[in-house]
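The values are calculated or read from the model by the stated rules, or taken from the named source; none is laboratory data. Quantities reported herein were computed from a predicted structural model and do not represent experimental measurements. Glycine also receives a Cβ, built like all others from the backbone with ideal geometry; neighbour counts cover every protein chain displayed. With ligands, DNA and RNA removed, areas are computed over all heavy atoms of the protein, side chains included. Shrake-Rupley method; radii C 1.70, N 1.55, O 1.52, S 1.80 Å.
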Amino acid sequence: MLKNNLMNTTKIFESYELDGVKLANRMVMAPMTRSRSNNSGNVATELIAEYYRQRATAGLIVTEGTFISPEAVGVVNVPGIYTKEQVEGWRLTTEAVHKEGGIIFAQLWHTGAYSHPDLHGGKKPLAPSDFNPNQQVFTAEGFKPSEAPKPMTLQDIERTIEDFTKAAVNAFEAGFDGVELHGANGYLLQQFFSKNANNRNDSYGGSIENRARILFDILDQLKEVVDIHKVGVRLNPSLDGIMGILVDEETIALYNYIVSRLNDYDLAYIHLIEPFTDVSNNPNAIQEVAKHFRQLYKGTIIINRGFNKETANQVLNDGDADLISFGVPFLANPDLVEKFKTNSPLNQPDQATFYTAGERGYTDYPTISN
Ligand SMILES: Cc1cc2nc3c(=O)[nH]c(=O)nc-3n(C[C@H](O)[C@H](O)[C@H](O)COP(=O)(O)O)c2cc1C
């Protein structure tokens, strides 16, 4: 009761300083794949620029995952950031968002085992091990079951680290305000982290330090060529039973190690996700992710998953996070900030158009003013 009386119900609308950049509010648009790059070069188009422009009142936008190299591809029609043409394509988005006064980071993505030979000219996708996540993969011919990938050689890993670095450089060239490494949701980096997806016995497998190594290798290389204060990392520490990833008895120690060590990098932020599934009966899973890592991390924390205006304000008031990211609510409500401010009803998301081509379910969600 006392807590409710003291609750600041407008905290999410307060501005926030993110390494010298003023965010207009504490509402972040979470990264969301929308598969609208249905063109031969997987280039971000005018339509994509318009989608992000419509959502530029978010304090910060994190784009959909954008592929760092052809090897990183695991879904069709996703824009990349490894060719000149793709960099030019993304410039349309950054210019459109900046014109509206918004701030936008690019999420750098490699799907690892979550891919299909169809997306790699018939060759097996590369991953830490031959672990098959047993997922349905979105190919040009529709969904196909994943297959066992090819374990990366040390040379493959070196090249992948290089690809992340080049993609980050490209992102800044395209006008992004920063980049976010996609270390979450069971894709390449989390495959390295997870004991059940990584059975390597070299310096990238086995111990916690070894499984986490690739992330720090990427950051060490990145800090030589870009401003590391403009780099964020996304993690999903309690992911369990999704994308084939399992929580195990070392998971909490693993993420404690990763997050503690990230303190040394002075990053823009870490972007954490509360459990996607009910892990309340699992003693190996972190139950309250923001609360847990607030004790360990001294920089900016973005927290995500399932928040509404009230619960977002609650977390901010409790001091467990600095920024809140909203996925589906921003997808369906370009003016989510305004709707929250005016307590207006929210549009419902149309799941059928999450990953389809064109404007429908993409740039045609109504706002208060239209
Ligand atoms: C259509 C869709 C696409 C997504 N694509 C990505 C992605 O590219 N990268 C990522 O890190 N998370 C992705 N996510 C997860 C969201 O960022 C977010 O974690 C999730 O929607 C939960 O937040 P919410 O409850 O506010 O929607 C996606 C979610 C949705 C609904």
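Computed over protein heavy atoms with a 1.4 angstrom probe, the accessible surface ordering of Asp227, Asp266, largest first, is Asp266, Asp227. For the chain, with all protein chains in place and a probe radius of 1.4 Å, 49% of the accessible heavy-atom surface sits on carbon or sulfur. Taking the Cβ-Cβ separation of Gln136 and Asn8 as r and a Förster radius of 51 Å, what is the calculated FRET efficiency to the nearest 0.05? For Gln136 and Asn8, the calculated efficiency is 0.70. Take the range 1-80 with all the other protein chains still there, run a 1.4 Å probe, and you get 38 Å² of accessible area per residue. Note on His120: accessible area is roughly 30 Å² with a 1.4 Å probe, heavy atoms of protein only. Its alpha carbons considered, the chain gives a radius of gyration followed by a Dmax of 19.5, 62 Å.
Distance from the C-alpha centroid of the range 137-176 to that of the range 189-254: 15 Å, rounded to the whole angstrom. Partner lysines whose Cα lies under 30 Å from the Cα of Lys341, excluding those fewer than 8 positions away in the same chain, are identified as Lys3, Lys11, Lys22, Lys99, Lys230, Lys291, Lys298, Lys309. Comparing Arg234, Arg305, Arg261 in a Gaussian network model of the chain where C-alpha atoms under 10 Å apart are linked, the largest mean-square fluctuation is found at Arg261. With the whole protein complex present, Glu14 retains an accessible surface near 60 Å², based on a 1.4 Å probe.
Helices in the chain, meaning DSSP H runs of at least 4 residues, each add -39500 (n - 2.57). Divided by all residues, the mean residue ellipticity at 222 nm is -9000 deg cm²/dmol. Among the GluC sites (Glu not before Pro) in the range 80-132, those located in a DSSP loop and surrounded by at most 14 other Cβ atoms within 10 Å of their own Cβ are Glu100. For the chain, modelled as a Gaussian network with Cα springs under 10 Å, which listed residue fluctuates most, Asp240, Asp264, Asp320? Result: Asp264 has the largest fluctuation of those listed. Among Tyr355, Tyr365, Tyr269, the sequence by solvent-accessible area, most first, with a 1.4 Å probe is Tyr355, Tyr365, Tyr269. Which percent, nearest 5, of DSSP beta bridges in the chain are antiparallel? In the chain, approximately 20 percent of DSSP beta bridges are antiparallel ones. Taking Tyr257, Tyr51 and ordering them by how much accessible surface each has at a 1.4 Å probe, largest first, produces Tyr257, Tyr51. Exposure check, 1.4 Å probe, all protein chains in place: Thr311 carries approximately 60 Å² of accessible surface.
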